[in-house]
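K.L.:
Structure below; questions to follow.
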């Protein structure tokens, strides 16, 4: 059956307030960069020619209006983007650390993305997608968690592939025990998983990737493709009992790493949409990871995420320079 969307994603759409130097008076300057992991994924998929839709909430404020305009300009369907007139748009203040990693301070208690309710879900956008993608920022609080689980159920009933990225942000959880429980639920639903190295360790206690991946796939046999990202150290794919590793890209110029994992995730989903999940060879997995690593590297050379996604031609241009 033909579907109108390749990927529908649900979750947070927020403003990343990224440090951008000092004013002439020595005050910190912040640049308002549109972001939020699920929408970052969709922005990269749009760059790769896929049809996408987003479900979430922003506030009726200057940030919410700016985010809506940004998502629309990226070509993402916004019929599922609701406006909450009582709760402000979520902000994430981002401090860039040496090497490009980040420290987050969230202004989200509450934030509009948390206000999405199950009865507000535009179920048609979910049923009309080949892939449904979600993370855990839409599972930190009861109301939006109910909406997320209803959406996953609707996607599964409609025959969509389920894509999950834990995207663990400890400050947003009442406890790490609760975070672990909700991530475990997400893993139990997913066909395709993108998980970072620190999240794999958090969930399994294993420092070794092979051991951790084996533990996850044994507990959650529904996972058909498990990808583990290790920042500049590259990425791993675990598929049908096989393991493929591709080193990271080291061409210099990294500014900050916001959106790198989301860009990687989008490229993996793009490959799955084009090639399916049934018969991927080691060569297929290698090609998938090389492209995803290259795209993830490129987004680290700019600030922010949604407006920083590379074009396919930019990714293809650097592929011959590594690996």
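The values are calculated or read from the model by the stated rules, or taken from the named source; none is laboratory data. Please read all numbers here as calculations on a predicted model, not as lab measurements. In this analysis, Cβ positions are derived from the backbone assuming ideal geometry, glycine residues included, and neighbour counts consider all displayed protein chains.
K.L.:
Give just the number: which of (1) over 16 Å from residue 263 (Cα atoms); (2) touching a residue at least 24 places away in the same chain (Cβ under 8 Å); (3) touching a strand residue (DSSP E or B) at 6+ places or on another chain (Cβ under 6 Å) does residue 9 not satisfy?
P.N.:
(1)
K.L.:
Which numbered condition trips up residue 103, out of (1) surrounded by fewer than 17 Cβ atoms within 10 Å (Cβ to Cβ); (2) closer than 18 Å to residue 260 by Cβ; (3) under 20 Å from the mean Cα position of the chain (by Cα); (4) touching a residue at least 12 places away in the same chain (Cβ under 8 Å)?
P.N.:
(4)
K.L.:
Now a separate question. Can you name the strands (runs of 3 or more DSSP E) wholly within the stretch 1-56 that have at least 3 residues being over 12 Å from the mean Cα position of the chain (by Cα) and at pLDDT below 95?
P.N.:
14-22, 28-35
K.L.:
Moving on. Out of (1) without any contact (Cβ under 8 Å) to a residue 24 or more places away in the chain; (2) out of contact with any helix residue (DSSP H, G or I) (no Cβ under 6 Å at 6 or more places or on another chain); (3) in a helix (DSSP H, G or I); (4) closer than 30 Å to residue 181 by Cβ, what's the single condition that is false for residue 212?
P.N.:
(2)
K.L.:
I would also like to ask the following. Hey, can you tell me all the residues within the stretch 278-315 that are exposed (fewer than 14 other Cβ atoms within 10 Å of the Cβ) and either assigned to a loop (DSSP other than H, G, I, E, B) or touching a residue at least 24 places away in the same chain (Cβ under 8 Å) (or both)?
P.N.:
Scanning the stretch 278-315 gives 278, 279, 281, 282, 311.
K.L.:
Tell me which residues, restricted to the stretch 106-121, are buried (at least 18 other Cβ atoms within 10 Å of the Cβ) and out of contact with any helix residue (DSSP H, G or I) (no Cβ under 9 Å at 6 or more places or on another chain).
P.N.:
Taking the stretch 106-121 as the starting set, the residues that turn out to be buried (at least 18 other Cβ atoms within 10 Å of the Cβ) are 108, 111-116, 121.
The one that is buried (at least 18 other Cβ atoms within 10 Å of the Cβ) and out of contact with any helix residue (DSSP H, G or I) (no Cβ under 9 Å at 6 or more places or on another chain): 111.
K.L.:
Given the criteria assigned to a strand (DSSP E or B) and surrounded by 15 or more Cβ atoms within 10 Å (Cβ to Cβ), does residue 249 qualify?
P.N.:
Criteria not met by residue 249.
K.L.:
Picking from 83, 70, 90, 78, which residue would you name as being crowded, with 24+ Cβ neighbours inside 10 Å and in contact with a strand residue (DSSP E or B) (Cβ under 9 Å, 6 or more places away or on another chain)?
P.N.:
Selected residue: 90, the only one of 83, 70, 90, 78 that is crowded, with 24+ Cβ neighbours inside 10 Å and in contact with a strand residue (DSSP E or B) (Cβ under 9 Å, 6 or more places away or on another chain).
K.L.:
Would you be able to say whether some residue in the stretch 255-272 is farther than 30 Å from residue 14 by Cβ, in a loop (DSSP other than H, G, I, E, B) and touching a strand residue (DSSP E or B) at 6+ places or on another chain (Cβ under 9 Å)?
P.N.:
no
K.L.:
Sticking with this one: Of the residues that make up the stretch 204-221, is at least one over 15 Å from the mean Cα position of the chain (by Cα) and within 25 Å of residue 36 (Cα to Cα)?
P.N.:
No, there is no match, as no residue in the stretch 204-221 is over 15 Å from the mean Cα position of the chain (by Cα) and within 25 Å of residue 36 (Cα to Cα).
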